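Enquirer: Okay, handing you the structure first.
The values are calculated or read from the model by the stated rules, or taken from the named source; none is laboratory data. Bear in mind that the values here come from a model prediction, so they are computed numbers and not experimental data. Cβ atoms come from the backbone with ideal geometry, glycine included; neighbour counts cover every protein chain shown.
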């Protein structure tokens, strides 16, 4: 073993698999080293600290010389060495473990000559199948499952962690420090991506308005056994939600004609609050339809198998066609969160065939005769 001044030692890239200690945790380690000395030497590889960055920093705080030990082996062996020394003693959460494994995987790729050569060939115009063979193993799902089991986390976390480390390093750092979970930063990224596409407020005047608001429920959702898949009804998992105050503030009064009809989707938990939105938009509640979804859905008090479509008017806007559809429509729900059956739009078009029409918070492409507004639309 050799004594070193800790301030002269750089950190090896392989050491970055695990996060550094900060604040009180580092101070506590420095205090322990000052009292009992450095019990475990710092490992050196290629002239840099391979393992023991925190011990070296604590030694500097404590004014204690750093004892080092050289590691002899390949880069792959050095990676395995760091993992074996740190993984079990770090007491990582499933999210932190996934980030650590993603960092280990990323570092391993930089030391794999076959992978580096494949990337170089791809950059020079190499065949796509070479890239696919190297970068996308044919049984990638199985590989992720094996990695997840070894890291004590789940396959979905592993998959997301790889993307965070590669594409959102600042988010990955928040997770590895324990500040946020993978589920939380995933929702943040999704929200940020959608908000960048939010269009300008709708313009024009419309007689028929069809709206499925992104209601904010304010609950914590239900986490399934795999630790990441949240309940079908957890809206924040799928899109940015809006509070009642935010919905009320939308300029819907300005785009609705003096005589107009509003078809507003709502759910049982937010039925009462829906009337605040209706009033703020200048409409009066008249009637409702029920979508009976058939299939079980998660709820707090009952298995909620229906949604409500509230019919509201402004001025005089009775149906153009006196066709009385059953108020309860039995249509099995889809697997896509919050997607509404097109049968309801057909009902609207049938009894209100005249006048300009717009769908608010719309998804997908605009059907013939409809304007659409929302951050998930694909055209007008």
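Enquirer: Please tell me if residue 166 is buried (at least 18 other Cβ atoms within 10 Å of the Cβ), within 21 Å of the chain's Cα centre (by Cα) and modelled with pLDDT of 60 or more.
Expert: Numbers: buried (at least 18 other Cβ atoms within 10 Å of the Cβ): no; within 21 Å of the chain's Cα centre (by Cα): yes; modelled with pLDDT of 60 or more: yes.
For residue 166, the condition - buried (at least 18 other Cβ atoms within 10 Å of the Cβ), within 21 Å of the chain's Cα centre (by Cα) and modelled with pLDDT of 60 or more - is not met.
Enquirer: In addition: Which one is nearest to the chain's Cα centre (by Cα), of the residues in region 249-279 that are in a loop (DSSP other than H, G, I, E, B) and surrounded by fewer than 13 Cβ atoms within 10 Å (Cβ to Cβ)?
Expert: 249
Enquirer: Can you find a residue in region 18-38 that is farther than 30 Å from residue 154 by Cα, over 32 Å from the mean Cα position of the chain (by Cα) and not in a helix (DSSP H, G or I)?
Expert: The answer is yes, given that some residue of region 18-38 is farther than 30 Å from residue 154 by Cα, over 32 Å from the mean Cα position of the chain (by Cα) and not in a helix (DSSP H, G or I).
Enquirer: Name the residue that is modelled with the lowest pLDDT, counting only residues in region 292-304 that are out of contact with any helix residue (DSSP H, G or I) (no Cβ under 7 Å at 6 or more places or on another chain) and surrounded by 16 or more Cβ atoms within 10 Å (Cβ to Cβ). Step through it out loud before you land on a result.
Expert: Of region 292-304, the ones out of contact with any helix residue (DSSP H, G or I) (no Cβ under 7 Å at 6 or more places or on another chain) are 292-303.
Next, from what is left, pick out any that are surrounded by 16 or more Cβ atoms within 10 Å (Cβ to Cβ): 293, 297.
On the way: 293: 92, 297: 73.
It comes out as 297.
Enquirer: Would you tally the residues in region 227-245 being modelled with pLDDT of 90 or more and farther than 22 Å from residue 339 by Cα?
Expert: 1
Enquirer: What number of residues in region 57-78 are touching a strand residue (DSSP E or B) at 6+ places or on another chain (Cβ under 7 Å) and either free of Cβ contacts under 8 Å to residues at least 12 places away in the same chain or not in a helix (DSSP H, G or I) (or both)?
Expert: Final tally of qualifying residues: 7.
Enquirer: Could you count how many residues in region 305-322 are modelled with pLDDT of 95 or more and assigned to a loop (DSSP other than H, G, I, E, B)?
Expert: Matching residues across region 305-322 total 7.
Enquirer: Surrounded by fewer than 18 Cβ atoms within 10 Å (Cβ to Cβ) and under 16 Å from residue 104 (Cα atoms): is that true of residue 40 in this structure?
Expert: no
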